[in-house]
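In what follows, a structure is listed as structure tokens, so that the remarks can point back to it.
The values are calculated or read from the model by the stated rules, or taken from the named source; none is laboratory data. Keep in mind it's a predicted model, so treat the numbers as computed, not measured. Every residue, glycine as well, gets a Cβ built from its backbone with ideal geometry; the counts of neighbours run over all protein chains shown.
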Amino acid sequence: MKAVQIVKPNDLRIIDMDKPTIDVKNNVLVKIKAAGICGSDVGIYHGTNAAATYPRVIGHEIVGVVEEVGDNAKKIKVGDRVIVDQVTACGTCYACRKGRPNVCEHLQVRGVHIDGGYREYMAVPESDVYVLPESLSYQDAIMIEPTTIAVQACSRAQLEFQDTVMIIGAGALGSSMLRIVALYSPRKVIVVDIDEPKLEAALQNGA
């Protein structure tokens, strides 16, 4: 199968890889339908992402359709449209036992520490995939991952009705943040950036 691999900084190649097969752990085979381009992917390409290891198949915003499942799969079935969790966790460390796999002691992110979704197929654990609603296209579903960051930020900030909010940076993530913040009906949203076109777009979206 084909994959996009960054061999080392500034060296991106289309390579051939073996198609993965399912096993007891990675018991769901997903045919990739779309994968987002994140700023961190650009950083991996340029060598400025300190967490990345090389060579690396990039891509952590991943959606696809289930092509095969193992005998031990309980909820996911062939034909399900799914999004793949970017985070892999050990399940046994203190953070995992507390329900915080996002800060797992042995955390690995697909597309950063281990190979990600810029390839035709991935074999992953059933616990790492979530079924998409039929009303959501694959392309739109890519935005789920950055949207969850915005939702988490609003939750941690304990954002409430009529609060005043300042978003620093109007890039892709800041723009997603603006859209989610608007759902909380704040009194005012201030967006800070040095790029005039981005600021103009923020104004049009409610800042």
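If a residue must be exposed (fewer than 13 other Cβ atoms within 10 Å of the Cβ) and either within 14 Å of Ile83 (Cβ to Cβ) or of a type in the set (Asp, Glu) (or both), how many such residues does the stretch 150-175 contain? Show your work before the answer.
Just the residues of the stretch 150-175 that are exposed (fewer than 13 other Cβ atoms within 10 Å of the Cβ), to begin with: 152, 155-158, 160-162, 164, 166, 168, 171.
Keeping just the survivors that are either within 14 Å of Ile83 (Cβ to Cβ) or of a type in the set (Asp, Glu) (or both) gives 160.
The qualifying residues number 1.
Tell me yes or no: at least one residue of the stretch 57-66 is hydrophobic (A, V, I, L, M, F, W, C) and free of Cβ contacts under 8 Å to residues at least 24 places away in the same chain.
no
Which of the residues belonging to the stretch 115-146 are over 12 Å from Ala34 (Cα atoms), assigned to a helix (DSSP H, G or I) and either modelled with pLDDT of 95 or more or out of contact with any helix residue (DSSP H, G or I) (no Cβ under 6 Å at 6 or more places or on another chain) (or both)?
Glu126, Ser127, Asp128, Ile144, Glu145
Looking at the stretch 98-114, which of its residues are among the basic types (Lys, Arg), modelled with pLDDT of 95 or more and farther than 25 Å from Val4 by Cα?
Lys98
Somewhere in the stretch 40-51, is a residue of a type in the set (Asp, Glu), in a loop (DSSP other than H, G, I, E, B) and touching a residue at least 24 places away in the same chain (Cβ under 8 Å)?
Among the residues of the stretch 40-51, not one is of a type in the set (Asp, Glu), in a loop (DSSP other than H, G, I, E, B) and touching a residue at least 24 places away in the same chain (Cβ under 8 Å), which makes the answer no.
Failed condition for Ala73, given (1) among the aliphatic types (A, V, I, L, M); (2) over 18 Å from Thr148 (Cβ atoms); (3) buried (at least 20 other Cβ atoms within 10 Å of the Cβ), with all others met?
(3)
Restricting attention to the stretch 154-199, which residues are touching a residue at least 40 places away in the same chain (Cβ under 8 Å) and either assigned to a strand (DSSP E or B) or among the small types (Gly, Ala, Ser) (or both)?
Hits for the stretch 154-199 are Ile167, Gly171, Ala172.
Working only within the stretch 1-24, note down all residues that are among the charged types (D, E, K, R) and either in contact with a strand residue (DSSP E or B) (Cβ under 9 Å, 6 or more places away or on another chain) or free of Cβ contacts under 8 Å to residues at least 40 places away in the same chain (or both).
Residues satisfying the conditions are Lys2, Asp11, Arg13, Asp16, Asp18, Lys19, Asp23.
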